[in-house]
């Protein structure tokens, strides 16, 4: 993670003669992608790349991480032949 954060800070910190603090500011983020955009052929491709990486256009439906899921990972929910829900824990047979 530290290496990822440093990617945004390196150029900014060299230019401003400051030490990395491992906090990416808006200015560092914008400066990094301004430099990246210089090597991209078209604005459309750059937008596609940014939306793919950061989902700025909100086209991808994302869910919170596994910790937000209240369903234990060791259970599975199935329907029995009568169509009623049936929960089976791993390692336990009905």
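Just so you know, all these numbers are worked out from the coordinates, no wet-lab data involved. Keep in mind that what you see is a predicted model, and the values were worked out from it rather than measured. Cβ placement follows ideal geometry from the backbone for every residue including glycine, while neighbour counts extend to all protein chains displayed.
Peptide packing for 46-53, 12-19 was compared via the average number of neighbouring C-beta atoms within 10 Å per residue; ordered from the highest value, the list is 46-53, 12-19. Fully extending the segment from residue 2 to residue 52, taken as 0.36 nm per residue of separation minus the present Cα-Cα distance, adds 15.8 nm. For residue 61 and residue 35, the FRET efficiency from 1/(1 + (r/R0)^6), where r spans their Cβ atoms and R0 equals 22 Å, is about 0.10. Each of the peptides 56-63, 37-44, 20-27 was scored by the mean count of other Cβ atoms within 10 Å over its residues; in descending order, highest first, they stand as 20-27, 37-44, 56-63.
Largest first, the extents of the alpha carbon coordinates of the range 2-61 on the three principal axes equal 36, 27, 17 Å.
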